[in-house]
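Chemist: Questions regarding the structure given below will be posed in turn.
The values are calculated or read from the model by the stated rules, or taken from the named source; none is laboratory data. None of the values given here were measured: they were computed from a predicted structure. Don't worry about glycine lacking a Cβ; one is built from the backbone with ideal geometry, like all the others, and counts go over all protein chains shown.
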Amino acid sequence: MKRGLVHIEILRVIAICFVVFNHTWTSGYMLYSAVGRSYRYYYPLLFLSILCKIAVPVFFMISGALLLGREETYRELYGKRVARMLLALILFSFVEYCYKLALGAGNVGAAFRAVADGFRPADFFRGIYSEEQAAAYWYLYAYLAFLVMLPLLRKMVRAMRAEDYRYLVVLQLVIVGGLPILEYLLWGGAYTVQKDFDIVFVTTAGVFYPLIGYALEHVLEERWYTGKHALILTALGVAAIVICCLLTTDRMQIMGEKTAEVFHNSLIALPACAAYFTAKFLCEKYKLPNPVRRLASVAGSTVFGIMLMEDILRKELMGIFESLKPTVGIFPACVVWVAAVVVFGAVLSWSLKRIPGVKRLL
C-alpha cells in the first residue's frame, strides 16, 4: 500500500467504530440523555456522542479524495461502481429482511420455516425502494446518489480553485451551522429560514464532503500540513463540539430528550476536517512500521463489509453488553460491545472476501 493512503485506511476504521457506536442508542450513544446532567460523566458522554457524527463526513471525504480525480466513462461508472452498490444493497437488504422474519425462532428449522412463510417479494422490494432495512443502509442510498452525480462533480473540481473551496467551507459553516444556532438563540427555533433557501452544495453531505475531501487530499498545498495547523484545526473542532454540547444541554432542559440530537451535526464539518487533516499529517510525517501499515490496509478493506453486517452483529452480540454491564458499568460494557462487533465483523468480512466473486462486492 502506498504510504499516502495509510491515513485513509485508519480513518475508515475509526469511522466504522463511530458508526457502530452511533447505533447503540441509550446503551452508549444517547447515554448522556438517559443519565441526565447530574451524572458525573454527562459532558464526556455528550462530547463523544457528537464526535461520533464525524463518521459519515469522513466516509464521504474519503470517497471524494479517491474518486473525484479519476477519469471514467459513464459505462464504467454504472457497470462497476453503481452496479456493485446496488447489488450490495439488494443482497444485504434481503439478508436483513430474512433475519427479521426469523428473529425469535427457536432453532434453524423454525427460522427457515418463518422465512418461507413470511417472505413477500412485493413487500421486500417496496421496502428497499422506500426505506432502509438496517440503520446504516441509509448511507448506501446517499452514496448511490453521490455516484450518480460523480461525472458532474469531477468536472466541477477540475474548474475549482483553492479559494472556491474556502468559500464552500465558509458557506457551509454559516448556512448549516451558524444560521440554525442563531435562530435558536434569537427565537428558540420558532422561526427558521424559508425552506427553499437551500444551497445544495453545502447542505447535502454527499456533495459537500466529497468536495472537501478532494481539496484536502489534492488541492491543499503540502506546506499547510504542519503540526501547528493540525493543532489549530483540532482546537477549532473541539470548540465546535463544546458549543454544540452547550446548545444541546440547553435545548434538553427546555424540550426534553426527543430533541437531544438537534445540534449534533451543526458544526460537525470542523471536527471532521480536523480528523482528516490530522490523520493525513501524522501519517505523512511519521513512517509507520510495515506490519502496522499492512494491518491498517487489511482492516480498512473490511470496513464496507462491517457496515453491511453491523446491524445483525450488534443485535447478536448484545449479550456481551448485557453480561458485562452489571460488573464493569454501562459505558465500558458498551465499548467492549462495539469493539466486539467491529472485530467480529472484520474477521467475517475478511473471510467472505476469500470467496470468489464476493471480494469485488465487499
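Chemist: Among the numbered conditions (1) at pLDDT 95 or above; (2) touching a Ser or Thr at 6+ places or on another chain (Cβ under 6 Å), tell me where A34 comes up short.
Modeler: Looking at each condition in turn, A34 falls short on (1).
Chemist: Taking the criterion of being free of Cβ contacts under 8 Å to residues at least 24 places away in the same chain and not in a loop (DSSP other than H, G, I, E, B), would at least one residue in the range 266-275 satisfy it? Steps first, please.
Modeler: Quick first cut of the range 266-275, residues free of Cβ contacts under 8 Å to residues at least 24 places away in the same chain only: none.
Within the range 266-275 (the criterion being free of Cβ contacts under 8 Å to residues at least 24 places away in the same chain and not in a loop (DSSP other than H, G, I, E, B)), the answer is no, since none of the residues qualifies.
Chemist: Just a yes or no: is a residue in the range 323-342 over 24 Å from P44 (Cβ atoms), part of a helix (DSSP H, G or I), among the β-branched types (V, I, T) and in contact (Cβ under 8 Å) with a residue 40 or more places away in the chain?
Modeler: no
Chemist: Across the range 61-99, which residue is nearest to E217 (Cα to Cα) among those that are of a type in the set (S, T, N, Q) and touching a helix residue (DSSP H, G or I) at 6+ places or on another chain (Cβ under 8 Å)? Spell out how you get there, then give the answer.
Modeler: Pass one, the range 61-99, residues of a type in the set (S, T, N, Q): 63, 73, 93.
When the remaining residues are screened for being touching a helix residue (DSSP H, G or I) at 6+ places or on another chain (Cβ under 8 Å), the result is 63, 93.
Numbers: S63: 11, S93: 33 Å.
Of everything passing the filter in the range 61-99, S63 is nearest to E217 (Cα to Cα).
Chemist: OK, next. With T204, T249 as the choices, which residue is under 18 Å from the mean Cα position of the chain (by Cα) and of a type in the set (S, T, N, Q)?
Modeler: It is T204.
Chemist: Here's something else I'd like to know. Please go through the range 169-194 and pick out each residue that is among the hydrophobic types (A, V, I, L, M, F, W, C) and in a loop (DSSP other than H, G, I, E, B). Reasoning before the result, please.
Modeler: Going through the range 169-194, the residues among the hydrophobic types (A, V, I, L, M, F, W, C) turn out to be 169-171, 173-176, 179, 181-182, 185-187, 190, 193.
Those that are among the hydrophobic types (A, V, I, L, M, F, W, C) and in a loop (DSSP other than H, G, I, E, B): A190, V193.
Chemist: Could you please give the count of residues in the range 195-218 that are among the β-branched types (V, I, T) and in a loop (DSSP other than H, G, I, E, B)? Steps first, please.
Modeler: In the first step, residues of the range 195-218 are kept if they are among the β-branched types (V, I, T); the result is 199-200, 202-204, 207, 212.
Within this subset, residues satisfying the condition of being in a loop (DSSP other than H, G, I, E, B) are 199, 204.
Looking only at that region, the number is 2.
Chemist: Determine which member of the set L288, L211 is surrounded by 13 or more Cβ atoms within 10 Å (Cβ to Cβ), in contact with a helix residue (DSSP H, G or I) (Cβ under 9 Å, 6 or more places away or on another chain), under 24 Å from I16 (Cα atoms) and at pLDDT 95 or above. Steps first, answer last, please.
Modeler: Numbers: L288 fails: at pLDDT 95 or above.
Result of the check over L288, L211: L211.
Chemist: Still on this structure, please answer the following. If the Cβ limit is 8 Å and pairs must be 6+ apart or interchain, which residue in the range 40-52 that is surrounded by 17 or more Cβ atoms within 10 Å (Cβ to Cβ) pairs with which residue that is assigned to a helix (DSSP H, G or I) and among the polar types (S, T, N, Q)?
Modeler: Hits for this filter: L46/T248; L46/T249; I50/T248; C52/N22.
Chemist: Evaluate the range 295-316: report whether one residue or more is aromatic (F, W, Y), within 19 Å of C17 (Cα to Cα) and in contact with a Ser or Thr (Cβ under 9 Å, 6 or more places away or on another chain). Reasoning before the result, please.
Modeler: Narrowing the range 295-316 to residues aromatic (F, W, Y): 304.
The next check asks that each one be within 19 Å of C17 (Cα to Cα); those that pass are 304.
Retained after the next criterion (residues that are in contact with a Ser or Thr (Cβ under 9 Å, 6 or more places away or on another chain)): 304.
Yes, the range 295-316 contains at least one residue that is aromatic (F, W, Y), within 19 Å of C17 (Cα to Cα) and in contact with a Ser or Thr (Cβ under 9 Å, 6 or more places away or on another chain).
Chemist: Would it be correct to say that G69 is surrounded by fewer than 16 Cβ atoms within 10 Å (Cβ to Cβ) and under 21 Å from Y209 (Cα atoms)? Break it down stepwise before answering.
Modeler: Working: surrounded by fewer than 16 Cβ atoms within 10 Å (Cβ to Cβ): yes; under 21 Å from Y209 (Cα atoms): yes.
Here the answer is yes, as G69 does meet what is asked.
Chemist: Then there's this: For the subset of the range 33-52 comprising residues that are in a helix (DSSP H, G or I) and over 16 Å from L246 (Cβ atoms), which member is nearest to the chain's Cα centre (by Cα)? First the steps, then the outcome.
Modeler: In the first step, residues of the range 33-52 are kept if they are in a helix (DSSP H, G or I); the result is 33-35, 42-52.
If we keep only those that are over 16 Å from L246 (Cβ atoms) as well, we get 34-35, 52.
Details: A34: 23, V35: 25, C52: 8 Å.
Restricting to residues being in a helix (DSSP H, G or I) and over 16 Å from L246 (Cβ atoms), the top hit is C52.
Chemist: Let me confirm something: among L220, L247, which residue is among the aliphatic types (A, V, I, L, M), more than 20 Å from E183 (Cβ to Cβ), surrounded by 15 or more Cβ atoms within 10 Å (Cβ to Cβ) and in contact (Cβ under 8 Å) with a residue 24 or more places away in the chain? If you could, list the steps in order and put the result at the bottom.
Modeler: Details: L247 fails: more than 20 Å from E183 (Cβ to Cβ).
Among L220, L247, only L220 is among the aliphatic types (A, V, I, L, M), more than 20 Å from E183 (Cβ to Cβ), surrounded by 15 or more Cβ atoms within 10 Å (Cβ to Cβ) and in contact (Cβ under 8 Å) with a residue 24 or more places away in the chain.
Chemist: For the condition buried (at least 18 other Cβ atoms within 10 Å of the Cβ) and closer than 15 Å to Y139 by Cα, what is the one hit in V6, V82, V58? Step through it out loud before you land on a result.
Modeler: Details: V6 fails: closer than 15 Å to Y139 by Cα; V82 fails: buried (at least 18 other Cβ atoms within 10 Å of the Cβ).
Within the list V6, V82, V58, the selection yields V58.
Chemist: Let me ask you something else. Would you tally the residues in the range 299-317 being touching a helix residue (DSSP H, G or I) at 6+ places or on another chain (Cβ under 7 Å) and assigned to a helix (DSSP H, G or I)?
Modeler: 13
Chemist: Quick one: which residue in F146, F124 is over 18 Å from I16 (Cα atoms), of a type outside the set (A, V, I, L, M), in contact with a helix residue (DSSP H, G or I) (Cβ under 6 Å, 6 or more places away or on another chain) and surrounded by fewer than 19 Cβ atoms within 10 Å (Cβ to Cβ)? Steps first, answer last, please.
Modeler: On the way: F146 fails: surrounded by fewer than 19 Cβ atoms within 10 Å (Cβ to Cβ).
Answer to the check: F124.
Chemist: Identify, from the list V82, V193, V170, V115, the residue that is among the β-branched types (V, I, T) and in contact (Cβ under 8 Å) with a residue 40 or more places away in the chain. It would help to see each step written out before you state the result.
Modeler: Details: V193 fails: in contact (Cβ under 8 Å) with a residue 40 or more places away in the chain; V170 fails: in contact (Cβ under 8 Å) with a residue 40 or more places away in the chain; V115 fails: in contact (Cβ under 8 Å) with a residue 40 or more places away in the chain.
V82 is the lone residue from the list that is among the β-branched types (V, I, T) and in contact (Cβ under 8 Å) with a residue 40 or more places away in the chain.
Chemist: What single numbered condition from (1) more than 28 Å from T204 (Cβ to Cβ); (2) in a helix (DSSP H, G or I); (3) in contact (Cβ under 8 Å) with a residue 60 or more places away in the chain fails to hold for K287?
Modeler: (2)
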